[in-house]
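> One structure, as C-alpha cells, below. Some questions next.
The values are calculated or read from the model by the stated rules, or taken from the named source; none is laboratory data. Values in this document were obtained by computation on a predicted structure and should not be read as measured data. Backbone-built Cβ (ideal geometry, glycine too); neighbour counts: all protein chains shown.
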C-alpha cells in the first residue's frame, strides 16, 4: 500500500499510481441515499470517479451527503451527463452490471475474471467503467448494448435483486481485491512479538518441573506421552513473549498456591 | 445452481445442500436499518442464519423491515443472544471482521483465502460464523478473542470505515463466490442461438457478390486482402442466426437501393 495521495480530481486515495481507476456510472439513479452510499463504498475500496446519468431528483441531491459519510470528495466531484453515450465517451472498456440475461449477444463475465482484467487495463493506462441501472428496473437493453460485456454476480437465484449501493459495493471490492494488498500492511506479521523457541522451552521445563513436584507424571512409563500432550498444544498456540511470561506466572501461582493450601 | 429449497429455518434459498451456511453475528448493532439491509444482502448471496447480540434498540425493530426488502424470512428467523459467547456456542470456526490491528495474537486471514476455507468447513458439516461489531466502535478486543481468526478486507487505508451492512454484503459475496457458480446458469451460453459457420459463409459470399457487382474489388490484386478485412471482423463478432439474417437483409437492401438509385 502506498502513501495517501490525491488523485487527479483532488480526492484522497491511498495509492501512488497515476493509472486510471474504473468509473462508476449510475444510470438514471432514483434515490439520493443510494448515490451517497455508493460514494462511501467506492472510496472504501479506492474508487473515486462517479458519473451520474440523468439522476431522477436532479443534482446535487441533499439526501446523498449523510449516506456518503465522509466520502464527500467523491460526491462533490461526481459528474452529471444527459445520456449514457456521453458518460462513457472517454472510456475504452465498459461493463454493464445486470443479473438478467438479455436478448443481446454480448459477452458475459463473472467476478472471478473481471478484477485482474480491469487492473491490467488500468495498468496500461486505459480508462474503464461500469454501468449500474436505476433501482427499480435496472439497465435497459439500449443501455447494455453500449457496454463491451455484462458483469454478473454469483447471486442466490431465488433472491437476486441487489440494492444499488450494495451492487456498487461488490464491484468496488472486486477492484480493490485485484489492486490492493489482500491483507493490508497494518496487519503485517513482522510487527509481531512472537516468542523465541527458547522462551517456550523454558516454559515447558518450568511447568514440567512443578508437575514433577506435584507427582503428576505417574506412572513414570507415561511421562513421555504426557509431556507430548503438554508441549504439542502450547507449541501450536504460537505464543508471544508476553503470553509466555503470563503462562510462567500461572505455573508459579498454581504451584505456590498449592504449597500454601498444604500449609493451612 | 440447484433448485430453490428451504433451509432448516424455513427460509428460501436456491441450494440443494444440507451443509450449514456461515452465520452472520451482529454484535450490539445500533441501527435497525442496517440490520434490515444486512438481511437483504445476506439472502442475495445465499446466507440465512442471522444472529443478533444485544441489539441497542431491542428486537424486533420496525426500522429493519423496509430495508430488508423482501428478505423477511432472514429477518423473522434472526435469533437474539445476550452475549457473544452464547451466539457462537454451536460454531466450530468463528471469524471477527475488523480493519484494525489488535494487540492480540490471533491469525489474520484475507478475503482471497477465506471463501474456499469456509466452503470446505461447510462441506464437512462444520458450522461457521462471523462477528461484525457495532456501527460506531466496531468489535472490542474481548469480542475478537472469541474468534479463531480476524478477517480483514483490502480497503483504502485512507478511508477504511465500512458501513455495517456493506461489510456484511462483502462477506456474503465472498461466501457466494466460493459456493455458487461464478456466472449463474441463467447466462449459460449453451442457450445461445449462435450462427453456424455455413450461415456466416453464406453471408460473406452474398456480400462479396454484391460488392463485385458494385466494382468494389479494385484493383483485382487487392481482392484477397479486402476480403480478409471483411471476413475477420464479422467472424470475431460471433453473430447469432438472427444477426446473420439481419446482415443479409442489409446487404440486399443496400444493393437493391443502389440499383433503384441508378434507375432514377
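> Tell me, which strands (runs of 3 or more DSSP E) wholly within the stretch A:33-115 include 3 or more residues that are within 14 Å of chain B (Cβ to nearest Cβ)? Give the steps one after another, and end with the answer.
Values: elements: A:49-53, A:79-81, A:93-97.
So the answer is A:93-97.
> Next question, about the same structure. What's the total number of residues in the stretch A:2-38 that are out of contact with any helix residue (DSSP H, G or I) (no Cβ under 7 Å at 6 or more places or on another chain) and at pLDDT 95 or above?
The total comes to 4.
> Being within 9 Å of chain A (Cβ to nearest Cβ), free of Cβ contacts under 8 Å to residues at least 40 places away in the same chain and touching a helix residue (DSSP H, G or I) at 6+ places or on another chain (Cβ under 6 Å) is the filter here, so list the residues in the stretch B:167-212 that pass it.
B:182
> Let me ask you something else. Report the residue count in the stretch A:114-165 for those that are without any contact (Cβ under 8 Å) to a residue 40 or more places away in the chain and within 25 Å of residue A:69 (Cα to Cα).
So the count comes out to 0.
> Tell me whether the stretch A:87-98 contains one or more residues that are surrounded by fewer than 17 Cβ atoms within 10 Å (Cβ to Cβ), assigned by TED's automatic domain parsing to the domain that holds residue A:170 and in contact (Cβ under 8 Å) with a residue 12 or more places away in the chain.
yes
> Follow-up. Determine which member of the set B:120, B:58, B:70, B:36 is under 26 Å from the mean Cα position of the chain (by Cα) and on the phi > 0 side of the Ramachandran plot.
B:70
> Enumerate the helices (runs of 4 or more DSSP H) found wholly within the stretch B:132-250, keeping only those where 2 or more residues are modelled with pLDDT under 95, buried (at least 18 other Cβ atoms within 10 Å of the Cβ) and more than 29 Å from the chain's Cα centre (by Cα).
B:197-213
> Looking for whichever is out of contact with any helix residue (DSSP H, G or I) (no Cβ under 6 Å at 6 or more places or on another chain) and modelled with pLDDT of 95 or more here; the options are A:94, A:84. Which one fits?
When all the criteria are applied, what remains is A:94.
> Assess whether residue A:20 counts as being assigned to a loop (DSSP other than H, G, I, E, B), away from chain B (no Cβ under 14 Å) and in contact with a strand residue (DSSP E or B) (Cβ under 9 Å, 6 or more places away or on another chain).
When the stated conditions are applied, residue A:20 passes them.
> Going residue by residue through the stretch A:128-148, is there one that turns out to be under 15 Å from residue B:177 (Cβ atoms) and more than 7 Å from chain B (Cβ to nearest Cβ)?
no
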